[in-house]
Amino acid sequence: MAIVCERFDDLGRDSGAEVRLGIMGGTFDPVHIGHLACAEQARVAYGLDAVVFIPAGTPVFKRGKKVSAASVRLEMCRLATASNPYFDVSSIEIDRGGDTYTVDTLRQLREHYPDNVQFYFITGADAMLSIVKWRESAAIADLAHLIAVTRPGYVMTDEAKSELADHANFDVSYLETTALSVSSSMLREWVAAGKSIRYLTSLAVHDYIAAQGLYASA
Ligand code: NAP
């Protein structure tokens with residue numbers, strides 16, 4: 001069977017007990033402390049046994065926008081997650097090629113892992129709000145619990161929440177984290193402006209961005 005995750009590929013196979021796998025979906029251009037903190041906070045809050053970062057291969061809503069090479073975003077995820085024994089990285093969206101659809105990713109993971117592994121798809125609340133427009137969103141709702149990460153002051157109206165609830169049987173939880181006042185676009189802009197992003201991502205990612213000369217122009 002093809003490998004889907006670098007560390008937790010055999011998750012759930014040693015017993016039939018329920019196991020929870022968090023799936024961090026994002027462009028991660030670059031991954032930063034907001035992503036890392038919210039993955040860790042979600043792990044504890046929802047009793048996740050592992051959290052896998054899956055950088056989008058070709059993000060469908062970013063056509064026409066400048067996105068760093070998939071291999072670079074994958075490597076930054078590897079560097080950022082290496083020190084957390086619960087974190088993992090998967091290149092399945094990159095390896096699949098073509099436009100990235102979350103439903104394809106969840107189906108691939110479902111085929112790979114035994115039924116006792118439950119999926120918790122974690123992404124930003126902004127991205128999650130548009131989920132009703134994603135390909136086969138009802139199937140996504142069947143395949144995974146959804147965790148929408150918000151930042152303090154981010155207003156998710158009851159109307160928006162009920163729109164999600166109306167469209168399909170979405171099981172969405174909301175997790176507020178302060179760390180998400182950092183964003184990937186802010187880091188890219190800061191690097192281009194010559195500002196320091198040290199401590200806003202892991203040191204290894206900071207050094208990698210400098211060594212590769214990433215984001216030198218916004
Ligand atoms: P985005 O528009 O770049 O991100 C929206 C917001 O969510 C940003 O504030 C972003 O902050 C934040 N965010 C992104 N990933 C996050 C994560 N894992 N945890 C916490 N916050 C996160 O969204 P995107 O990165 O392109 O897409 C997010 C996920 O949704 C990806 O897995 C993507 O494949 C999936 N998606 C699927 C479809 C589809 O199947 N049709 C369509 C759209 C998106 P930062 O910029 O700082 O990351």
Discussion item. Which order do the peptides 46-59, 21-34, 181-194, 72-85 come out in when sorted by mean C-beta neighbours inside 10 angstrom, highest first?
Written reply: 21-34, 46-59, 72-85, 181-194
Worksheet item: Leaving out ligands, DNA and RNA, what percent of the accessible area of the chain is carbon and sulfur, probe 1.4 Å?
Response: 51
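If each DSSP helix of 4+ residues adds -39,500 (n - 2.57) and the sum is divided by the residues in the chain, what number results at 222 nm, nearest 500 deg cm²/dmol? Don't skip to the end; give the middle numbers.
Numbers: 9 runs with 82 residues, N = 218.
Helix contribution divided over all residues of the chain: -10500 deg cm²/dmol.
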Practice prompt. State, as an integer percentage, the relative contact order of the chain based on alpha-carbon contacts under 8 Å between residues 6 or more apart.
Written response: 25
Response to the item:
If unit charges are put on Cβ atoms (+1 for Lys and Arg, -1 for Asp and Glu) and the dipole of the chain is taken about its Cα centre, the option from LEU106, PHE121, LEU203 lying farthest towards the positive end turns out to be LEU203
Discussion item. Leaving out ligands and nucleic acids, and using a 1.4 Å probe, what accessible area per residue does the chain come to in Å²?
Written reply: 48
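Pairs on different chains or at least eight residues apart, Cα atoms closer than 21 Å: how many lysine pairs in the chain fit?
Details: LYS62/LYS133; LYS65/LYS133; LYS66/LYS195; LYS133/LYS161.
Value for the chain: 4.
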Item to complete: Taking the Cα centre of the chain as origin, sum charge times position over the Cβ atoms of Lys and Arg (+1) and Asp and Glu (-1), and report the length of that vector in debye to the nearest 20.
Response: 840
Worksheet, complete the sentence: Scattering profile of segment 66-218 from the Debye formula, Cα beads only, expressed as log10 I(q)/I(0) at q = 0.09, 0.18, 0.21 Å⁻¹, is -0.36, -1.30, -1.43
Discussion item. If you build the convex hull over the alpha carbons only and average its shadow over all orientations, what do you get for segment 142-191? Give it in nm² to one decimal.
Written reply: 4.7
Worksheet item: What are the radius of gyration and Dmax of segment 1-74, computed over its Cα atoms and given in Å?
Response: 14.4, 46
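The values are calculated or read from the model by the stated rules, or taken from the named source; none is laboratory data. Note that the coordinates shown come from a computational prediction; the quantities given were computed from them, not determined experimentally. When we count neighbours, we look across all protein chains shown, and the Cβ atoms used for this are built from the backbone with ideal geometry, even at glycine. Areas reflect the complete protein model, heavy atoms only, side chains present, ligands, DNA and RNA absent. Shrake-Rupley method; radii C 1.70, N 1.55, O 1.52, S 1.80 Å.
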